[in-house]
Amino acid sequence: MAKYVFSYRVPSDYVPGAETAAEWQAWFGGMGSALVDLGHAVVDYASLGEVGGSGSRMDSALALAKDCPVLRVGGGVEVGPVMEAAGS
């Protein structure tokens, strides 16, 4: 099974509301065993060496990302496949 990294971006002026934790817990819970690590949100980012291209191998990850609560507050989600190190 392929593994993906989701990078969550929140706006710099983002203030979580009373319902925020429940929204994230529901979204994470909906992923079931597909979720391995919750990770952390970032408020600032830079991108170097954009590779791009999604293709069908990322369709399942993009389907999970589309309901991320951060999208409702002006944030974003980057999705990328994890490259396994040689010998792993």
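The values are calculated or read from the model by the stated rules, or taken from the named source; none is laboratory data. Remember, predicted model here, so these are calculated numbers, not experimental data. Cβ atoms come from the backbone with ideal geometry, glycine included; neighbour counts cover every protein chain shown. What goes into the accessible areas is simple: the full protein's heavy atoms, side chains included, and nothing from ligands, DNA or RNA. Shrake-Rupley method; radii C 1.70, N 1.55, O 1.52, S 1.80 Å.
Among the residues of the stretch 21-32 satisfying the criterion of being aliphatic (A, V, I, L, M) and open to solvent by 50 Å² or more (accessible area, probe 1.4 Å), which is nearest to residue 61 (Cα to Cα)? Selected residue: 26. Taken together, the residues in the stretch 1-20 that are free of Cβ contacts under 8 Å to residues at least 60 places away in the same chain and open to solvent by 60 Å² or more (accessible area, probe 1.4 Å) amount to 7.
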